[in-house]
Ligand SMILES: [Zn+2]
């Protein structure tokens with residue numbers, strides 16, 4: 001990577017590690033190859049497309065390198081739930097997007113973090129090629145490691161464009177994965193409380 005390009009990344013608060021293996025020309029060639037593979041004509045190829053993808057890569061990099069998960073002291077141990085959190089990721093088998101919603105619930109053990117961190121956490125682990133099953137456990141582990149709660153539960157509902165647009169082309173299939181730990185696993189009532197809250201009909205109407 002040329003020094004000028006490195007400086008530019010640095011000024012944007014990015015390191016060059018994301019592009020070490022993907023120099024600009026190579027990326028452009030790869031994107032052009034994909035463009036032609038899906039039926040694009042070489043003469044219509046817009047070089048700006050690879051620049052746009054690069055900018056998208058920078059956005060993803062920022063999300064997955066986020067680390068400001070400051071924990072606060074809490075003196076209650078009631079369930080906290082973040083529901084309808086936005087999920088966007090890429091299936092690592094086809095590199096096609098899958099997207100949907102995540103619900104995270106936990107019972108604190110003296111430690112909580114700010115409510116906006118629910119979304120930050122989902123973005124952090126989903127901003128790279130993933131498997132929905134693994135993602136579910138990774139979110140659970142992140143909450144466990146960062147907050148050491150009494151219990152935690154995670155549910156993901158997603159649509160996979162690799163199922164929607166290719167292969168079986170199932171347009172109505174929605175995939176649900178869940179993982180629970182601690183008191184959510186040991187106490188049936190706690191688990192039920194979590195599931196009934198996240199599945200209760202209707203969103204907030206303001
Ligand atoms: Zn796939």
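Quick note: the coordinates plus some simple rules give every number you see, no bench work behind them. Note that the structure is a prediction, hence the values are computed from the model and not measured. FYI the Cβ positions are ideal-geometry reconstructions off the backbone, even for glycines, and counts take in every protein chain you see.
Rounded to the nearest whole Å³, what is the per residue volume of the convex hull around the Cα atoms of the range 14-128?
126 Å³
Fewest Cβ neighbours within 10 Å first, please rank 43, 73, 185, 157 accordingly.
Least crowded to most crowded, the residues run 43, 73, 185, 157.
Would you mind checking the range 81-98 for residues with the amide N under 17 Å from a putative spin-label position 7 Å along Cα→C-beta of residue 146?
Backbone N within reach: 81-88.
Restricting to DSSP H runs of at least four residues, report the calculated mean residue ellipticity at 222 nm for the chain, -39500 (n - 2.57) per run over all residues, nearest 500 deg cm²/dmol.
-12500 deg cm²/dmol
Please sort 163-175, 57-69 by packing, taking for each peptide the average over its residues of neighbouring beta carbons within 10 angstrom, highest first.
Going from most to least packed, we get 57-69, 163-175.
Treat each spin label as a single point 7 Å out from the Cα along the C-beta direction, and report the residue 176 to residue 199 distance in nm.
0.5 nm
Provide the gained length on full extension for the span residue 86 to residue 192, in nm with one decimal, where the gain is 0.36 nm per separating residue minus the Cα-Cα distance. Before the final figure, lay out each step's value.
Numbers: separation 106, 0.36 × 106 = 38.16 nm, distance 2.30 nm.
Taking residue 86 through residue 192 to full extension adds about 35.9 nm, to one decimal.
For the residues 160, 188, what sequence is obtained by ranking on other C-beta atoms within 10 Å, fewest first?
Placing the least packed residue first, the sequence is 188, 160.
Which three extents, in angstrom, do the Cα atoms of the chain have along their principal axes, listed largest first?
The Cα atoms of the chain stretch 62, 44, 34 Å along the principal axes, largest first.
Before anything else, pin down the relative contact order of the range 71-198: Cα pairs under 8 Å, at least 6 apart, normalised by residue count, whole percent.
It rounds to 26 percent for the range 71-198.
Specify the residue with the greatest mean-square fluctuation among 86, 134, 52, computed from a Gaussian network of the chain linking alpha-carbon atoms under 10 Å apart.
Among 86, 134, 52, the largest GNM mean-square fluctuation belongs to 52.
For the pair residue 75/residue 131, report the inter-label distance in nm, with labels modelled 7 Å from Cα in the Cβ direction.
Here the answer is 4.5 nm between the modelled labels.
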